[in-house]
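The values are calculated or read from the model by the stated rules, or taken from the named source; none is laboratory data. Note that this is a predicted model, so its numbers are computed, not measured. Glycine gets a Cβ as well: all are built from the backbone with ideal geometry, and neighbour counts include every protein chain shown.
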Amino acid sequence: MKAMNDPKNPTGGATTEKRTLVEEGTRFKGSLTSTCAILVQGSIEGDIEGPSVTVSATGAVSGKIAAGALKSDGKIAGEFDVDTAQLAGSIENNTVVRAASLDLKVTVPTGKLQLTFGSAGRDGSRGRS
């Protein structure tokens, strides 16, 4: 039985939402595909595909990511092809984020951040408008 003050289950009740969890202290390298939401508290290096990817403040993701939604408070690097993105953590150099909707709240410790806007197809090709 879960305790009422369990940090993994703050409501104290049974959780019904399935998710794929990469726990803090875990490093995963390779391909990860899930039909459930993916929560990264550790680190993943490789290809990720799922309905949503959430990177916690302790999490790190690098590689090619395809998801409906991306929310990051952690560290991301690589190529992200998503419908919606909420980014508030650290974004490494040469990271590409393709999204229909983007919410950006990041700070750059040195220098400036460069954003390039334009339409991009789901396969990453640029379209003309």
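A single member of Ile48, Ile65, Ile38 is touching a residue at least 24 places away in the same chain (Cβ under 8 Å) and either surrounded by fewer than 19 Cβ atoms within 10 Å (Cβ to Cβ) or out of contact with any helix residue (DSSP H, G or I) (no Cβ under 9 Å at 6 or more places or on another chain) (or both), and it is Ile38.
Are any residues in region 97-123 at pLDDT 90 or above, of a type in the set (A, V, I, L, M) and touching a Ser or Thr at 6+ places or on another chain (Cβ under 9 Å), and if so, which ones? Ala99, Ala100, Leu102 - these are the residues of region 97-123 that are at pLDDT 90 or above, of a type in the set (A, V, I, L, M) and touching a Ser or Thr at 6+ places or on another chain (Cβ under 9 Å).
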